[in-house]
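The values are calculated or read from the model by the stated rules, or taken from the named source; none is laboratory data. All values derive from a computational prediction rather than experimental measurement. Ideal geometry is used to build each Cβ from the backbone, glycine not excepted, and the neighbour counts take in all protein chains shown.
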Amino acid sequence: MPTRIPIFCTADLPASTLNTFLECLDETVEQYKREIVGNPMESTADYVIFMTSLDEKSISSNEFAPVEAFTSPFPDWSLERLRDWFKTNCTKVSGVTCNTFIVFDKQSAEDETCLLVDVHDSTAISSVRTDFYVPVREATTMEFGGEWLDESILGCFRRSGVVMTKENLKLASDGGMYIEEGEVKVDQAWKDFRNW
């Protein structure tokens, strides 16, 4: 069974924001399918689960893709309170991540970003603001043995406060190098990103 990443909304969001996220996730899933031969996760529904109720029984039966706005049961919740609810409720459910979740907040509707949250250390919470393309892929990687948010490039984004976009992540991962018109070029700021 695939492992889905819980999405918590700490603000009520318009349907357009949710739909934009789902469109970005569809693109990410398609890229995954091209990169990972034998990837068992076939559809967008295999990756995320929207938390639309405080009832823990709804976690396993939660239907995917609320393309209409809904009233969040987690308004203005802090990351600490979300972590506690997540650890108490979500981690008991088969097929749901144990250490990572995504938060949509008031800023999500304004700039199409969200928070990727890492709670693998039971005493700490790490988070980084990302665009809508990045969080699912990075959370999936973390859950299956990748680096946590305090490590490597992910930690650089977290410490710097720079929004982790798909483009920024690629530049930072590639040491600032990119190809333009068949020529390798270097973006000096991203080359030195690990030292920020």
Name the one entry in 128, 103, 136, 162 that is in a loop (DSSP other than H, G, I, E, B) and within 21 Å of residue 28 (Cβ to Cβ). 162
Name every residue in the stretch 165-196 that is within 27 Å of residue 108 (Cβ to Cβ) and part of a loop (DSSP other than H, G, I, E, B), in order of residue number. 165, 196
Considering every residue within the stretch 174-184, establish whether at least one is outside the structural domain of residue 132 (by TED's automatic domain parsing) and under 22 Å from the mean Cα position of the chain (by Cα). yes
Within the stretch 143-196, which residues are in contact (Cβ under 8 Å) with a residue 12 or more places away in the chain, surrounded by 14 or more Cβ atoms within 10 Å (Cβ to Cβ), among the charged types (D, E, K, R) and within 16 Å of residue 116 (Cβ to Cβ)? 143, 150, 158, 166
